[in-house]
Amino acid sequence: MTLFRLAISVLFAVSSIAVAQAKTVWVDDQLYLPVRSGAGSQFRIIENAVPSGTPLEVIEASDSGYTLVRTPKGTEGWVSSQYLSETPIAADRLRTANRQLEETRAELAQVKEQLANVTSERDALESSESSLSDRSQELQEELQRIKSIAADSINLERRNRELREENQKIRNDLEVLTAENERLEASKEYDFMLLGAGLVLGGVLLALIIPMLKPTRKTDNWA
């Protein structure tokens with residue numbers, strides 16, 4: 001991953017240089033390169049001891065062994081071409097690689113933290129889903145129980161209504177039987193009264209008839 005990013009960075013730098021139509025070179029390792037006013041060691045030094053790793057903008061290259069460059073300070077002068085490199089020095093590349101490595105590690109740590117958060121959220125969601133599933137099951141069972149109770153209530157209400165109607169019918173029948181019983185009782189008393197009166201009348205008649213049935217004693221004329 002680091003080498004890939006390094007390659008992308010180099011390609012980006014090269015493309016940027018091409019667009020600007022300016023080439024960048026670096027002072028080679030372990031050098032302090034003087035910048036001269038002309039293409040040769042006989043010319044005076046106009047910027048002294050440019051350290052290694054310093055990027056220089058190429059203005060003109062010649063076959064004399066010197067290259068016209070512009071330093072980061074804006075100085076334009078000639079430097080020896082043999083001490084220039086097309087790529088950054090190893091130390092700079094190492095620092096860049098280390099920086100990119102640290103950035104990658106930081107990104108990796110961030111990704112790990114995000115992964116841990118996502119994993120925690122997923123576990124929480126799974127736990128919540130399990131709780132919701134259990135609660136849904138409980139509600140389903142409660143709903144079935146309520147439906148059963150409602151059905152029993154309907155059946156009980158219907159049975160209660162039937163019992164009330166049956167009770168009312170029994171009451172009506174009881175009232176009819178009571179009236180009939182009272183009528184029979186009254187008729188029975190009347191019959192007893194008639195019977196009693198008949199017996200009394202019969203007794204009276206017998207009392208009148210029996211003496212009449214006794215033979216009359218004849219008078220004894222010889223007496």
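Considering only residues of region 72-106 that are touching an Asp or Glu at 6+ places or on another chain (Cβ under 6 Å) and among the polar types (S, T, N, Q), which is modelled with the lowest pLDDT?
In this case the residue turns out to be SER85.
Can you find a residue in region 32-40 that is modelled with pLDDT of 75 or more and of a type in the set (S, T, N, Q)?
Within region 32-40, one or more residues are modelled with pLDDT of 75 or more and of a type in the set (S, T, N, Q).
Report every pair of residues separated by at least 6 positions or lying on different chains whose Cβ atoms are under 9 Å apart, first residue within region 105-120 and touching a residue at least 40 places away in the same chain (Cβ under 8 Å), second open to solvent by 70 Å² or more (accessible area, probe 1.4 Å).
Close Cβ pairs (under 9 Å, with a partner that is open to solvent by 70 Å² or more (accessible area, probe 1.4 Å)) do not exist here.
Just the residues that are under 10 Å from GLY77 (Cα atoms), in contact (Cβ under 8 Å) with a residue 24 or more places away in the chain and open to solvent by 50 Å² or more (accessible area, probe 1.4 Å), please, taken from region 44-58.
If the condition is that a residue be under 10 Å from GLY77 (Cα atoms), in contact (Cβ under 8 Å) with a residue 24 or more places away in the chain and open to solvent by 50 Å² or more (accessible area, probe 1.4 Å), then ILE46 is the only one that fits.
Would region 109-127 turn up any residue that is under 30 Å from GLY53 (Cβ atoms), of a type in the set (A, V, I, L, M) and out of contact with any Phe, Trp or Tyr (no Cβ under 6 Å at 6 or more places or on another chain)? Break it down into steps so the answer makes sense when it comes.
Start the filter on region 109-127 by keeping residues that are under 30 Å from GLY53 (Cβ atoms), which leaves 109.
So of that shortlist, the ones also of a type in the set (A, V, I, L, M) come out as 109.
From what's left, out of contact with any Phe, Trp or Tyr (no Cβ under 6 Å at 6 or more places or on another chain): 109.
Yes, some residue in region 109-127 is under 30 Å from GLY53 (Cβ atoms), of a type in the set (A, V, I, L, M) and out of contact with any Phe, Trp or Tyr (no Cβ under 6 Å at 6 or more places or on another chain).
Picking from GLN100, GLN114, GLN168, which residue would you name as being over 30 Å from PRO34 (Cβ atoms), part of a helix (DSSP H, G or I) and in contact with a helix residue (DSSP H, G or I) (Cβ under 6 Å, 6 or more places away or on another chain)? Reasoning before the result, please.
Details: GLN114 fails: in contact with a helix residue (DSSP H, G or I) (Cβ under 6 Å, 6 or more places away or on another chain); GLN168 fails: in contact with a helix residue (DSSP H, G or I) (Cβ under 6 Å, 6 or more places away or on another chain).
Checking each option against the conditions leaves just GLN100.
The values are calculated or read from the model by the stated rules, or taken from the named source; none is laboratory data. All figures in this text were calculated on a predicted structure; none of them were measured in a lab. Counting neighbours? That spans all protein chains shown, and the Cβs are built from the backbone with ideal geometry, glycine included. Note: areas computed on protein heavy atoms with side chains; ligands, DNA, RNA excluded. Shrake-Rupley method; radii C 1.70, N 1.55, O 1.52, S 1.80 Å.
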